[in-house]
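Structure record follows, encoded as C-alpha cells.
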Amino acid sequence: MQTLTSKDNPAVKYAVKLRKSARFRREEGRFIAEGMRICLDAVKSGAELDTLFLSEDALKKYPEQCDVLISAADKTLAVSASLFAVLSDTQTPQGALCVIKTLDKSSHFDTIKISGKFLALENIQDPNNLGTVLRSAEALGVSGVILSDDCCDVYNPKVVRGSMGAVFRMPFLTVESIPAFLASNPGLHSYAAVVDPAAKPVTQVSFTEPCAAVIGNEGNGLRAETVAACTEAVTIPMRGKAESLNASAAATILIWEMIR
C-alpha cells in the first residue's frame, strides 16, 4: 500500500478541492465522506469508492473495518496523521476518508404522481440542518426529498456526515424551483409550513398520498410565491415564547405528522 507524506500529492489536492468546492464536486461527479462509520455506511449502501485515505493510526486501531473499506475501494492510500489533518473537515478525525462517485437518484421520482409522501426544501442554507433533515427523513420513512437548487449542496461534507449515511440511501431530486416543480406535478398535494396562527394546525391535517410537506429557509421561511403555489398552508402550534422552530426541528415534526 502506498504511503503519502506530501500535501502536494495530486490525490490529496484533488480530495481537498472536493471538500472545499461544491462546483468542483458537481463538475467531477465526486464527493467525500469522512469518518469510519460514514465510510462503512457508504460501502453497505452500495456507493462506489474511488479513493480511500487511511491514516496510519486508523490502520492500527481499526484493522477489521479498514480491511472492509480497502476491499471496496478502487485505490487505497495510507497517509500520516499530519497529512490526514489537511484532508479532514473535522476537529477530531478518525483517520478514514473516501472519495465517492455521485449517485443519480432522480429515477426514483418517476412514480411521484402515483404514490408517496415527500419532503420539499427551499433555500436551506445550513449544511448541519440539511444533514439532520435527511437523517430524519430516512428514519421516519419519507419517500424522497425535493431540493430547490439554491439549497446548500447535498454533498457538502457536513451534510454527508450529519445525515449519518442517509445521503447514500435517501432518494432526492434537485429542481430549479419548488413552485415550478409543484406546477409540473398537479396531482401532488402540497403543504406549506408557515408561522401563521391563521394556518391549519399540522395536527389536524390528513396527509393523503401523494403529498409533500414544504419547508423554507432557516431565517426567512418560504417565499410568498411558494406558499401560494402550495395546496394548503399549515403551521406547527407552539405554546412557548419562541417565534419559530429551527428548520430541521420543524421538518422532523412535519415528517412525523405526515407519516403517522
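Only the coordinates and a few stated rules stand behind these numbers; no lab work does. Here the structure is a predicted model, which means the values were calculated and not measured. Please note: Cβ atoms are built from the backbone with ideal geometry, for glycine as well, and neighbour counts cover all protein chains shown.
With respect to the chain, whose longest principal axis is taken over its alpha-carbon atoms, helix 10-20 is tilted by about 20°.
Using Cα atoms only, what is the angle between the long axis of helix 63-72 and the major principal axis of the chain, expressed in degrees (0 to 90) to the nearest 10? Taking the Cα atoms of the chain, the angle to 63-72 is about 80 degrees.
This model, with +1 at the C-beta of Lys and Arg and -1 at the C-beta of Asp and Glu, gives the chain a dipole about its Cα centre of some 380 debye. Among Asn217, Asn246, Asn123, the largest mean-square fluctuation in a Gaussian network model of the chain (Cα springs under 10 Å) belongs to Asn246.
The label-point distance for Thr90 and Ala180, in a model that sets each label 7 Å from Cα toward Cβ, rounds to 3.7 nm.
Relative contact order for segment 106-259: what is it in percent, counting Cα pairs under 8 Å that are at least 6 residues apart? Kindly include the intermediate steps, with their values, before the conclusion.
On the way: 307 pairs, mean separation 45.4, N = 154.
The normalised contact order for segment 106-259 reaches 29 percent.
Taking all Cα pairs closer than 8 Å and separated by 6 or more residues, the relative contact order of segment 2-101 comes to 42 percent. Of all beta bridges that DSSP places with both ends in the chain, some 25 percent have antiparallel geometry.
Helix 127-140 and the longest principal axis of the C-alpha atoms of the chain enclose an angle of approximately 70°.
Charge dipole of segment 2-101 (Cα centre as origin; +1 on each Lys and Arg Cβ, -1 on each Asp and Glu Cβ, all else neutral): 380 debye, rounded to the nearest 20.
Legend: calculated FRET efficiency, Asn220 to Glu64, from the Cβ-Cβ distance at R0 = 41 Å, rounded to 0.05, equals 0.30.
Counted over segment 106-259, the DSSP beta bridges are approximately 5% antiparallel.
Explain nothing, just the number: dipole magnitude of segment 106-259 about its Cα centre with +1 on each Lys and Arg Cβ and -1 on each Asp and Glu Cβ, in debye rounded to the nearest 20. Show your work: numbers first, answer last.
Numbers: 10 positive and 15 negative charges, 91 e Å.
Dipole magnitude for segment 106-259 comes out near 440 debye.
Only helical runs count toward this figure. For the chain, summing -39,500 (n - 2.57) over DSSP H runs of n ≥ 4 and dividing by all residues gives -10500 deg cm²/dmol at 222 nm.
Report note on the peptides 38-49, 174-185: ranked by the mean count of other C-beta atoms within 10 Å, highest first, their order is 38-49, 174-185.
Using alpha-carbon pairs under 8 Å, 6+ residues apart, how would you state the relative contact order of the chain in percent? Could the numbers behind the result be given before it?
On the way: 505 pairs, mean separation 49.3, N = 260.
Once divided by the residue count of the chain, the mean separation gives 19 percent.
Note on Glu209 and Thr5: the extension gain reaches 68.0 nm, defined as 0.36 nm multiplied by sequence separation minus the Cα-Cα distance.
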